[in-house]
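Here the structure comes first, spelled out in structure tokens, and everything after it is commentary.
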Amino acid sequence: MSPALPEIVIVGRPNVGKSTLVNRILGRRETIVEERPGVTRDRKGLPADWAGYEFTLVDTGGWMAAGDELDAKVTGQAERAIDSAAVVLLVVDATVGLTDEDERVAALLRRSGRPAIVVVNKVDSQQREADIWDFLRLGLGDPWAVSALHGRGAGDLLDHVVGFLPETADRDTDAPATEQVSDMPAVAIVGRPNVGKSTLFNSLLGDDRSIVHDRPGTTRDTIDTIVESPDGPVRLLDTAGLRRKSRIDSGPEYFSLVRAFQAIDGADAAILVVDATEGVTHQDQRLAERIDASGSPVVIALNKWDAVATEHREGILIDVADRLGFIGYAPVLKISAKTKLGIHKLLPALDQAIDAYHRRVPTRELNKVIAEAQASHPPPGGKVLYATQGASDPPTFTLFTTKVMPATYLRYLEHRIRDHFGFGPTPLKLRVRRRGA
């Protein structure tokens, strides 16, 4: 999570229990775990601590010497994580024994020069402890026996691992890393599968941080990384593609959906990625409704714009305005994540939205705006007596009235408030309280 923290990277071939070990170290379920190879694909960094040491724990996909294009990208992510590691944990499976893939990973680690520890997982009883010594052949020192599922040996392993790290007190920082991260605005990148979210994520980072492949559902978890913007650091959250619930039929897909919704609900802003070559679909509308319900500001990114024929572009924009009219405050940016067309406009638009999301306005000036709006266009049969901003995140206004106000008039007042105070691409909430109600 934080660049200032040393990284402990967990690698190994598929299905040896890497993600289970990550969850065991963290003490909570953060990564998706299923008894099937290939569930973890991206590398995922999570803040952790042990015995006074703070570090980033990095989970990686299964390392494979051979496979298809997606397998090669997963392996490439694991290799890149090794390059920045303070220490690497090579996880192997005691129930399977030493394999050729284990030896290939070990050879890579020996060439990298990074400190590496062999962690023999699934040692669930003393009877299996004798099996670990065969892994001495990997040439990475004495192996450590653990059961990530049951917690056996995990504490002793961590006591040994943190010996490779600098103590937290030695780091030059004014605040704990968890506080530094929590102070940063978080931006969730959401959309249907295969619309280019991970490509956009990587383009914004200038780094191949997420696996990009034309197979729907490549990203299975929410990937959280910090990027510098003109107004300071921003946390970008690359989420799994959200499909209709009726099409979610497996454990990993269900947890991907939950994580993506958690990212939306916890984010300060969202980028809704829409495939411009397909236009706005029913699922895009449902996602926009979810973002709107969360109260987060949103920017609509029409991706693959360079692939849209010139004569069709006006129709696409009309379709967006029609189908996503309920978030009409959201700016629509025409981009290409692949060629980086227009993506330089995203972070400034998000900075504006996040600033407005936290903004409070003077009560006196607010009531002046309401009075001028009523003078220009009187409400039908009632009157707003007084207005106040009750909350921010998002800006929420309470109107004290003589009668219930029609929804059309409330939208008119919302536009007047938005335009006067420059709220831009952030949602506003108006609540009505009748006098005497």
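The overall shape of the stretch 254-395 is prolate: from the C-alpha gyration tensor, with semi-axes ordered a ≥ b ≥ c, the ratio a/c is 1.5 or greater and a/b exceeds b/c. Find how many whole Å separate the alpha carbon centroid of the stretch 10-24 from the alpha carbon centroid of the stretch 88-137. Cα centroid to Cα centroid, the span is 12 Å.
Computed 3J(HN,Hα) for the stretch 360-371, one whole-Hz value per residue from the Karplus formula 6.51 cos²θ - 1.76 cosθ + 1.60 where θ = phi - 60°, is 10, 10, x, 4, 4, 5, 4, 5, 5, 4, 5, 5, glycine and proline marked x. Grab the other residues whose beta carbon is less than 15 angstrom from that of Q126, score K and R as +1, D and E as -1, and report the net. Net local charge, Q126 excluded: -1.
Using equal-weight Cα scatterers in the Debye expression, the normalised intensity of the stretch 288-368 in log10 at q = 0.15, 0.17 Å⁻¹ is -0.66, -0.80. With neighbours defined as other Cβ atoms within 10 Å of a residue's Cβ, the residues K122, K345 order from fewest to most as K345, K122. Summary of the geometry: the stretch 346-389 and the stretch 285-340, compared by the centres of their Cα atoms, lie 25 Å apart. In the stretch 315-437, what percentage of the DSSP-assigned beta bridges are antiparallel, given to the nearest 5? Roughly 55 percent of the DSSP beta bridges within the stretch 315-437 come out antiparallel. For the residue pairs K197/K334; K197/K340; K18/K338; K345/K368; K18/K197, the C-alpha atoms sit more than 23 angstrom apart in K18/K338; K345/K368; K18/K197.
The numbers here are math on the coordinates, done by the rules we state, and not lab data. Source: prediction; values computed, not measured. In this analysis, Cβ positions are derived from the backbone assuming ideal geometry, glycine residues included, and neighbour counts consider all displayed protein chains.
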